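Just so it is clear, none of the values below were taken in a lab; they were calculated from the coordinates. The structure displayed is predicted, hence computed values, not measured ones. With ideal geometry, Cβ positions are generated from the backbone for all residues, glycine too; neighbour counts draw on all protein chains shown.
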């Protein structure tokens, strides 16, 4: 029988281990997650929104999505069931009853929250999602493989997938009108809102305005800004006159959305030490048991 | 051991009534698969924006990876720890792992929306993504498995290359290539064997990390930061039962005597491993105090109970019994329970535990989805049958004493 000599064994093992260790140098690449102090945010005041749904029309128009004429958006019957953003509508408005003034229901606009620590950016297998310097979390069609892990990861259940397209199905979600904001225009929904329920600006500034409103009109709001800390903080933040749970906001902790998954991931692959160590231990066991069998 | 075992191609008719059923199931799956590639994923599956992952990820991919764990557990036992008496089960386990992972890759290929970009993770890296780690590890491990299987191919064909027609002129070069491969591999095979074990521990655990990021959407009975550890332990604990399970099926199918002694000794190792897995599973439950959710009667609590009682506790008790370890029938039952238990655990983690905040109705796989999954399993079984008939995989008693072989590499020509 032929067995590799001890020297050959060590030599080959060292080469293999070195090759694995070398990989760690390039493993740093990944999607951008910029947290610029100037990143933009939006304050949605659900007590101001009148549910006209003009933002839905503006959003579809700005993103080249098919839309019925603006006049049809006055139809209030759509509020009978809760709707979610999908591939054909990146934002939707839902209605919830107002307990004290039933003639004034609350309207909640839903779209991507543009998290400060987005789960989609962390999860995406190919880094197709990135957090831009201006706060937008955007998706790159040239990278996406359509695995839908972003949808599994997103705590707000936002990314939507074109299930009925065989070739180049897209992941769709609000992109914070990145093409418009890069040209110094407002996001389409913010620009079109007739009652200024949406306030756009640097996140810190928007947050300051929200806190001011809570102080000025304490009877109007529940004393909380949804998105200030949720999932580690989001670009879009909400004020409401009812408990956020009643308005179907997900109940989330203050930890960044990726949670412990990144810690686990980086723990297992800390400079490839654990895998290489395991390799070495197994190699040692193999070598020793071999010698025992040989009676050396 | 008294009687020497030698891996030999099985000689029997390929077509049997059972094989015809498998062919029909495979064809049925392929029809729906064609629908998926022509009309999109939505035309065949019940997946939607609430439930982006379904049966294909849970069974074809996650359960597939777990049930192929026999490959690395037997390699660790037989090759790394040099427990030579288990060499008879290494090749069948290796073949299962090789075919299993091949179908995992195919499963991913059909589930992702842009299958033609499946190579993207090779060049577009995201180190923080658990899925990226799983993807890369599986890609490398599939390659390693094929390399580990190469010696079986060289053993079968060295000195027996008979190409038809004009290709005949290539006989000599192909034979030389096989011999060169064989020589090179016998010196370096240990590198691949250790790499296979390391890669397996990495991606078996990272498969558990996958659902950690979905934390807020996961049912508390399953969501825990130690998911990766539980996935790794369950994969290790299902490795040997899977080997026993398929060894007994193969013995029956090819009318061989089951290797009761070897299988019984393998079975004896299952109980401690299952015990460790159960200890972590229950320990985690008590630390997080999630047992309160078992008081409710719903899909989650029922599925959790099936996963733990039927998939862990009952087989654990069975594997502790001497009677079970000596009886092929009882060994088969106990192993089947572990195999089903781990399959249910993957379905639980990826489907039952996943409770999106805005689900309109629960997800149930469509007929098309089930057809594709069943079709893949049938196709895998058919390919396994074909492979053991072509290649020396399954060991049978040999009259003359076999030469000692290492790493399941072709024995030296006498």
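If you fit an axis through the alpha-carbon atoms of helix A:273-294 and take the longest principal axis of the Cα set of chain A, what angle between them do you get, 0 to 90°, nearest 10?
Between the helix axis and the principal axis of chain A, the angle is about 30 degrees.
Based only on other Cβ atoms within 10 Å, what is the fewest-to-most ordering of B:288, A:172?
With the sparsest Cβ surroundings first, the list reads B:288, A:172.
Please give the Cα centre distance for segment A:214-239 versus segment B:143-188, rounded to the nearest Å.
Here the answer is 69 Å between Cα centres.
Count, for each residue of B:113-122, the Cβ atoms from other chains sitting within 10 Å of its Cβ, then give me the mean as a whole number.
6
On alpha-carbon atoms, Rg over Rh for segment B:91-146 using Kirkwood Rh?
Radius of gyration over Kirkwood radius for segment B:91-146 works out to 1.00.
Would you mind ranking B:132, B:319, B:280 by Cβ crowding within 10 Å, fewest neighbours first?
Ranked by crowding around the Cβ, least crowded first: B:280, B:132, B:319.
Please report the Cα spread of segment B:5-396 along all three principal axes, rounded to whole Å, starting with the longest.
Computed over segment B:5-396, the largest-to-smallest principal extents equal 67, 54, 44 Å.
For segment B:1-97, what class follows from the C-alpha gyration tensor (a ≥ b ≥ c being the square roots of its eigenvalues): rounded when a/c is under 1.5, otherwise prolate if a/b is larger than b/c, else oblate?
The shape class here is oblate.
If you average over every viewing direction, what projected area does the convex hull of the Cα atoms of segment B:71-222 give, in nm²?
13.0 nm²
Where a ≥ b ≥ c are the square roots of the eigenvalues of the C-alpha gyration tensor, would you call segment A:226-290 rounded, which needs a/c under 1.5, or, failing that, prolate if a/b is larger than b/c, or oblate?
Taking the square roots of the gyration eigenvalues as a ≥ b ≥ c, segment A:226-290 is prolate.
Counting only other chains, and only Cβ atoms inside 10 Å, what mean value do you get across the residues of B:225-233?
That average works out to 2.
Return A:136, A:80 ranked ascending by Cβ neighbour count within 10 Å, so the fewest neighbours appear first.
Ascending Cβ contact count within 10 Å gives the list A:80, A:136.
Run the quick spin-label model on residue A:255 and residue B:11: label points 7 Å from Cα toward the beta carbon, then report their separation in nm to one decimal.
The two pseudo-label positions are separated by 6.2 nm.
Can you grab the distance from the C-alpha centre of segment B:245-297 to the C-alpha centre of segment A:70-142, Å, no decimals?
45 Å
Tell me the mean residue ellipticity at 222 nm calculated for the protein assembly as shown from its helices only (DSSP H runs of n ≥ 4, each -39500 (n - 2.57), averaged over every residue, nearest 500).
-16000 deg cm²/dmol
With a 10 Å radius around each residue's Cβ, average the other Cβ atoms per peptide and rank A:205-212, B:37-44, B:177-184, A:66-73, highest first.
In decreasing order of mean packing, A:205-212, B:37-44, B:177-184, A:66-73 become B:37-44, A:205-212, B:177-184, A:66-73.
Let me understand the protein assembly as shown better: what is its radius of gyration from the alpha carbons, and its Dmax, in angstrom?
28.7, 95
How high is the relative contact order of chain B? Use alpha-carbon pairs under 8 Å, at least six apart in sequence, and give a whole percent.
Relative CO of chain B lands at 35 percent.
What's the angle, to the nearest 10 degrees (0 to 90), between helix B:87-111's Cα axis and the longest principal axis of chain B?
Rounded to the nearest ten degrees, it is 50.
Provide Rg and Dmax in Å for segment B:261-378, with only Cα atoms included in the calculation.
That works out to 17.0, 54 Å for Rg and Dmax.
Within 10 Å of each Cβ of B:31-42, how many other protein chain Cβ atoms are there on average?
Average neighbour count from other chains, rounded to a whole number: 3.
Would you mind computing Rg(Cα) / (2.2 N^0.38 Å) for chain A, counting N as its residues?
In units of the globular-protein estimate, chain A measures up at 1.34.
Does anyone have the angle between helix B:17-39 and the longest principal axis of chain B? Alpha-carbon axes, 0 to 90°, nearest 10?
60 degrees
If I build a Gaussian network model for chain A, linking alpha-carbon pairs within less than 10 angstrom, which residue out of A:237, A:113, A:286 has the largest mean-square fluctuation?
Of A:237, A:113, A:286, the Gaussian network model singles out A:286 as fluctuating most.
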